[in-house]
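Here's the structure we're looking at; comments come further down.
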Amino acid sequence: MSIIFIVLFLSCISSTSSTENYEVTLLKIKKQLGDPGVLSSWVEGFDFCHASDPQHVGISCYPTTGRVTFFGLYDLDISAPFPDAICDLTELEDLVLYNITGLYGPIPSCITKLFDLYEIEIIGTSLFGSVPSFMNQTNLKSILLRGNHLSGTIPPSLSTLPMLTVLDLSSNYLNGTIPSSLSTLQNLSNLDLSSNYLTGTIPSELVHGWANSLNLSNNRLTGELPRCGWDVDFWLIDKIFQKTSTTQNLSHNKIHGKIPDSFASSHFYDLDLSFNKLCGEIPQGGNLWEFNAAAFANNTCLCGYPLPPCSPSATAPAPAPILEASDLDSSP
């Protein structure tokens, strides 16, 4: 009986110690954020594990240890750098920082030491600098870093995350090419790299990758043919699109050439090839007839339903136009 009592007593001490440690960490986060009024209730002795405010704060803890597993802040009116004390929440599984436009500075490298993290969602901030490598964080399933001021290239190390299903780096200032190593992410079902400054072609290694949703719109994607001029390897996109119930958005790029005939035998949940430099007749068949003209609008010389009919000369493949300097320098 005495042994059981001692074990329970030590367990209570451990739980209390953990709770006190995380209280210190959360108070430090509050201070690093500039002590915003919305967190005025965060004081010593406050029950942080039940501090959720649907409008601004979300915190969840392990019931037995009091250790924080979920930390979320929303719509805060602050001006402060990223609070690196978040990295002291060592058992954090889910981090959300949403629509905090006054949050600035780089995402600290210590975030990559949170090995229990399975979802990170940082959306609508002024954070800048590079995308963290997230190397060895093998539990990560979802990385959403859209709508920030991140720059630089996409880290190839993201391909070391075997559980990753969602990768959203859209609406940033990323440049360079799409890493071919992303093709190793066999569980990735949703990739959104739209509204960046990415260049080059879709890597040929990606033909086995995407399952449900691919959004590469509003970039500078193109490709070089083994002749003068620029074009995209459309045979590759043809293979990528041989999926069922897919969403594909390649709009607002500089893609040339003809839409592959096999599009007529593919099924798309959604499709957008507008604002490119495509030519020739739109393949007829499959469910392509379900899409209106907006999905194919503002290309160089596309024709056929749902666009106006083709003239006899329009059905012949058009040579890829040479890109001018103005094409390369313009915003996506």
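Please treat every number below as a calculation from the coordinates, not as lab data. Every value quoted in this text rests on a predicted model; they were computed, and no experiment measured them. Positions of Cβ are generated from backbone atoms using ideal geometry, with glycine treated the same way; all protein chains shown enter the neighbour counts.
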_Just to verify a number: FRET efficiency for Ser109 and Trp289, C-beta to C-beta distance, R0 = 45 Å, to 0.05?_
0.35
*Point-to-point label distance, Tyr62-Asn175, nm (Cα→Cβ direction, 7 Å offset)*: 4.5 nm
*In nm, to one decimal, how far is the modelled label at Ser130 from the one at Asn21, with both set 7 Å along Cα→Cβ?*
3.1 nm
*Please tell me the relative contact order of segment 66-119 in percent, rounded to the nearest whole number, where contacts are Cα pairs under 8 Å and at least six residues apart.*
44 percent
*For segment 109-148, list residues with backbone N below 13 Å from a point placed 7 Å from the Cα of Gln32 toward its Cβ?*
109-114
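Using alpha-carbon pairs under 8 Å, 6+ residues apart, how would you state the relative contact order of segment 74-227 in percent?
15 percent
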*For segment 259-317 and segment 139-178, compute the distance between their C-alpha centroids and round to whole Å.*
31 Å
*How much length, in nm to one decimal, is gained on full extension between Ala264 and Ser189, taken as 0.36 nm per residue of separation minus their Cα-Cα distance?*
24.7 nm
*asked:* Below 8 Å between Cα atoms, with a sequence gap of 6+, how large is the relative contact order for segment 122-202 in percent?
replied: 29 percent
*Determine the principal axes of the Cα atoms in segment 55-193, then give the extent along each, sorted from largest to smallest and rounded to whole angstroms.*
41, 34, 23
